[in-house]
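For reference, the structure I am asking about is given below.
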Amino acid sequence: MTTATDPPVITLLTDYGLADEFVGVLHGVIARICPQARVIDLSHGVPPQDVPAGAAMLLHALPYLPVGVHVGVVDPTVGADRRAVALRLADGRTLVGPDNGLFWPAAQAGGGVVAAVEISASPWVLQPLAATFHGRDIFAPVGAQLAAGRPIEEAGTAFDPAELVTLELPSATIDGDTLIATVIGADHFGNVQLGAASADLDSLGASAGATFEVTLASGDAHSARHARAFADGAPGELLLFEDSSAQLALACYRGSAQARLGVRGGDSVRVRPAPAHG
C-alpha cells in the first residue's frame, strides 16, 4: 500500500537486454527529470520484438507492483506510424509506451483505459528526437514527468481509447482428449509457458502424477508428468505444472525444457493423456 508521502514509482519493461547502454540511459533520463522516483526494472529480457511475450509479462507482474507509471518498450515498428501513448487506467496506473497491443491485456485487467493521450509530439519529448530510440526520447521523459506529478492531459493530444490497438493473448482449445495450446515464451530457467490454465488440463481428467503426451508442431512427441513442484520429478524428467502466474508450463527438472523441446513463442503444442500400453 502506498501513501502520499511515498516516492513515485516508475517500472521499466523492455526487450533491450543488458549488454548495451540503453537501460542505463533510461535510468539517466528519469533521474534528471524525476530524481525522487523509485525505478523498478521489471525486465529487460523480453525476447527481441516479441510483443505478446512482453504483454504477458506485464499482465502477470502488475498485480504485485505498486500503482505508478509503468513504461513498456517492445517496439518492432519504432519510427513508423504507430502511436506513442500514455494511458490512465481505472485502477490508477499509468502506462507509457507504443500502441501496438503491448498494454492491452494489462489495461483490461486494470479496469480499462479511462484516458488516452498521443505523446509523439509531447512538449516533454527530448530533442533532437531519434527515429530508433523512442524509449529514451519519448517514453522515459514522458513517464518521468507524469511520475513527477504533471497531469496526463498535458502530455499530448487526447484520443478515444476505443482506437487503441488490441492484442488477445493465446488461449487453449480442447479437441476431444487433446489440449491445444500456444507457447507464450520461456523464462531464464528454460521453463516453457503455455497459453493455457491449469483448469484446461483438469478438463482432460488430469491428476497429480499422471503422464501426458506432449506433441510439437514438428510431430515429435515427448512424455511429461503432471507435477506440483519441480522436485516432484527425477533429474531430466519433463514436467507439466502450474507456474506462479497460474499458467500451464513445461519444465525439465534440473534442465531446460526449452532447450530440450526446441520451442519458441508462437509454436503450437498438443497435450493429451498418455495412451495406455499393453
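Nothing in this text is a laboratory measurement; each read-out follows from the coordinates by a stated rule. It should be emphasised that the depicted structure is a prediction, and the values quoted were computed from it without experimental measurement. We place every Cβ from the backbone using ideal geometry, glycine too, and count neighbours over all the protein chains shown.
By how many nm would the segment from Ala121 to Glu154 grow when fully extended, if each residue of separation counts as 0.36 nm and the alpha-carbon distance is taken off? If you can, show how the numbers build up before the last one.
Numbers: separation 33, 0.36 × 33 = 11.88 nm, distance 1.12 nm.
That pair, Ala121 and Glu154, stretches by 10.8 nm at full extension.
In whole percent, what relative contact order does the chain give with Cα contacts below 8 Å and a gap of six or more residues? List each step's numbers first, then the result.
Values: 599 pairs, mean separation 41.6, N = 278.
Relative contact order of the chain: 15 percent.
Beta carbons within 10 angstrom, averaged per residue: use that to sort the peptides 257-269, 227-239, 101-113, highest first. Working shown, then result.
Numbers: 257-269: 17.7, 227-239: 14.6, 101-113: 20.3.
Highest to lowest by the protection proxy: 101-113, 257-269, 227-239.
Continuing with the same structure: Can you give the relative contact order of the stretch 173-273 as a percent, counting alpha carbon pairs under 8 Å and 6+ residues apart? Intermediate results must be reported in sequence, preceding the final value.
Values: 225 pairs, mean separation 38.7, N = 101.
Normalised by residue count, the contact order of the stretch 173-273 is 38 percent.
Quickly work out the Ala210-to-Ala130 label distance, labels modelled 7 Å from Cα along the C-beta direction, and quote it in nm with one decimal.
Between Ala130 and Ala210, the simple spin-label model gives 5.2 nm.
Let me know the charge dipole size of the chain about its Cα centre in debye, to the nearest 20, where only the beta-carbon of Lys, Arg (+1) and Asp, Glu (-1) is charged.
Magnitude of the dipole: close to 440 debye.
If the convex hull of the alpha-carbon atoms of the stretch 4-126 is projected onto planes in all directions, what is the mean projected area in square nanometres?
On the way: hull surface 30.2 nm².
Computing the convex hull of the Cα atoms and averaging its projections yields 7.5 nm².
If you take every DSSP beta bridge fully contained in the chain, what fraction is antiparallel? Give it as a percent rounded to 5. If you can, show how the numbers build up before the last one.
On the way: 40 of 55 bridges.
Taking every DSSP beta bridge with both residues in the chain, the antiparallel ones total about 75 percent.
Would you mind computing, in nm to one decimal, how far apart the modelled labels at Leu65 and Ser268 are, each placed 7 Å from Cα along Cα→Cβ?
3.3
Here is a follow-up. Give, as ranges by residue number, the residues of the stretch 157-171 whose backbone N falls under 16 Å from the point 7 Å along Cα→Cβ of Ala90.
Under 16 Å, as judged by backbone N against the label point of Ala90, lie 161-162 of the stretch 157-171.
Still on this model: Once the convex hull of the C-alpha atoms of the chain is built, how many Å³ does it hold per residue, rounded to a whole number?
For the chain, the hull spanned by Cα atoms encloses 147 Å³ per residue.
Starting from the 7 Å offset along Cα-to-Cβ, what nm value, one decimal, do you get for the label separation of Arg32 and Val114?
If labels sit at Arg32 and Val114, their model points lie 3.3 nm apart.
Out of all DSSP beta bridges in the stretch 9-163, what portion is antiparallel? Express it as a percent rounded to 5. Write down the numbers at each step before the final one.
Numbers: 12 of 25 bridges.
Bridges in the stretch 9-163 that DSSP calls antiparallel: roughly 50 percent.
Next question, about the same structure. Below 8 Å between Cα atoms, with a sequence gap of 6+, how large is the relative contact order for the stretch 1-68 in percent?
On the way: 72 pairs, mean separation 30.6, N = 68.
About 45 percent, as a whole number.
Give the separation of the Cα centroids, the stretch 151-169 to the stretch 208-278, in Å.
Centre-to-centre distance over Cα atoms comes out at 39 Å.
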